[in-house]
Amino acid sequence: MKWFVLLIALLIAVVSKAQTQNIWTKKTSFEGNKRSRAVAFSIDNYGYVGTGEDTADMTHNDLWRYDPLLDSWTQMSSLPGSTRRNAIGTTLNGKGYLGLGADSSVSGSGIILDDWWEYDPLINQWSQKTSYPGGYNIYNQTGTAGVYFSTAFAIDSVVYVCGGKMGPNFYGTDLWKYNPTTDIWTRLADFPGGDRHQLSSFAIEGNGFVGMGIDHDLYRKDWWKYDPITDSWTEVAELPGVERGAASTFVLGQHGFVVFGSDGGYKDELWEYDPFANSWQIRSNFPADGRKNAIAFAIADTGYAGLGTSSSGKRKSFYAYTPFWPLGIYNEEISINTFPNPASNFINITVPNSLIGQSLQIFSLDGKKAYSELITSTSRTVNLVEFARGTYILIIVDQSGTLISEKINVL
């Protein structure tokens, strides 16, 4: 009830602003034409979409960059490896990582891939890295070593790859981490939800969240939190909607979003997950047709989603989502003062005495932790020299469990 009352009060205070939020806006369609089973990620102020299959069921290895300021697409250097569909991709420390998948659009034919690539947007070039060691390799099966229909997320300086499909009725539970610094893969604690493919995932506040997908027989809607410090899993609130696989995700602030998916049909729902309350809320439905095997990513405080397959076939339309106000429910009675803001080299943070002893954390808008400390005094100067340019969220949770947040803009 407390959360509900706070939410209503905030809505009344910002009703005029809320009229332009929780909405989808149509953007320029993907210029790689109609595409499904592609990969998407964002780096700094751009989104990237690549690979997948077209209306002729031909797989691709191209890469396209989306500029939200110009609302335009530019073709970039193609992935040097095989064409593919149902690959995985994510972003870490200003670079993109893409790999795995299957090189044929026909199930049961072609090659299941295990190659792994790093994309540097500054020079628009790809570098091949150590191949993924999971898949058939760990199950002592004959055939290729790769996997497709898996999922990936990034935390701090590590990429994580979970689950996936290796052949007809042959799915995995394994979780692997890839360290770009050492170019080494390490196997971790298996996903506890059982064999699964068409999974979805995102990372928030130093934890990975993995869920939904298909086991051997059924669509699922359970979600699990992975703690990289303890290498352990904890079940969290399941999606309130119907079970589904092949959904798409993005992160805004400290909340995860799930859109699209299939339970045999095509879903257009948008769900928002709050890790602090461990709860889901339905948001504005995607305004076009429901889809599966689509793409999604976030740039700053806006989500983007599109492409995929609908009941009418493969699509290329593309939309931006402006989130509901507020992304985090916060306590307006406790204020955080930041100066200067925007800032470049440092920022002064002042908090009330009641917050001494609590944890102060700063996150980028894609959910990566940039700074953390225990509050020992009412004032603190944080060095921003190592921060990339962009918007960050300062988070404190007070003794009552109420979230307090403040935006920080780094120049």
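The values are calculated or read from the model by the stated rules, or taken from the named source; none is laboratory data. What you are looking at is a predicted structure, and each value in this text was computed from that prediction instead of being measured. Every residue, glycine among them, receives a Cβ derived from its backbone with ideal geometry; neighbour counts consider all protein chains shown. Please note that ligands, DNA and RNA were not included when accessible areas were found on the heavy atoms of the full protein model with its side chains. Shrake-Rupley method; radii C 1.70, N 1.55, O 1.52, S 1.80 Å.
If a spin label sat at a point 7 angstrom from the Cα of Ser107 along the line to its beta carbon, the backbone N atoms of the range 254-284 nearer than 14 Å would be those of 262-265. Hey, in the GNM for the chain with a 10 angstrom Cα cutoff, which one of Glu373, Glu31, Glu118 fluctuates hardest? Most flexible of the set in this elastic network: Glu373. A cut-off of 5 Å between modelled amide H atoms, ignoring neighbours fewer than 5 places along the same chain, links Phe387 with no other residue. Residues in the range 209-257 average 37 Å² of solvent-accessible surface per residue, probe 1.4 Å, ligands and nucleic acids excluded.
Comparing the range 68-189 with the 2.2 N^0.38 Å rule of thumb, its C-alpha radius of gyration ratio is 1.08 (two decimals). From the alpha carbon centroid of the range 37-54 to that of the range 211-262 is 20 Å. Restricting the range 229-313 to trypsin sites (Lys or Arg not before Pro) that sit in a DSSP loop and have at most 16 other Cβ atoms within 10 Å of their own Cβ leaves nothing. Both radii come from the Cα set of the chain: Rg as radius of gyration, Rh as Kirkwood radius; their ratio Rg/Rh reads 0.96. Accessible area per residue for the range 33-158, computed on protein heavy atoms with a 1.4 Å probe, is 40 Å². Accessible area of the range 255-393 with a 1.4 Å probe: how many percent of it is carbon plus sulfur? That fraction is 46 percent.
Against the longest alpha carbon principal axis of the chain, how many degrees, from 0 to 90 and to the nearest 10, is the axis of helix 2-13 turned? Helix 2-13 and the main axis of the chain meet at about 80 degrees. What pairs from Lys27/Lys225; Lys221/Lys314; Lys34/Lys129; Lys26/Lys316; Lys27/Lys165; Lys95/Lys292 go past 22 Å between their alpha carbons? Correct reply: Lys27/Lys225; Lys221/Lys314; Lys34/Lys129; Lys27/Lys165; Lys95/Lys292. Pick from Asp114, Asp301, Asp231: which residue has the top mean-square fluctuation in a GNM of the chain where Cα pairs under 10 Å get a spring? Checking each option, the largest mean-square fluctuation is seen for Asp231. The phi-based Karplus calculation (6.51 cos²θ - 1.76 cosθ + 1.60; θ = phi - 60°) puts the 3J(HN,Hα) values of the range 204-220 at 9, 6, x, 10, x, 10, 10, x, 6, x, 10, 8, 5, 10, 10, 6, 10 Hz, whole numbers, x for Gly and Pro.
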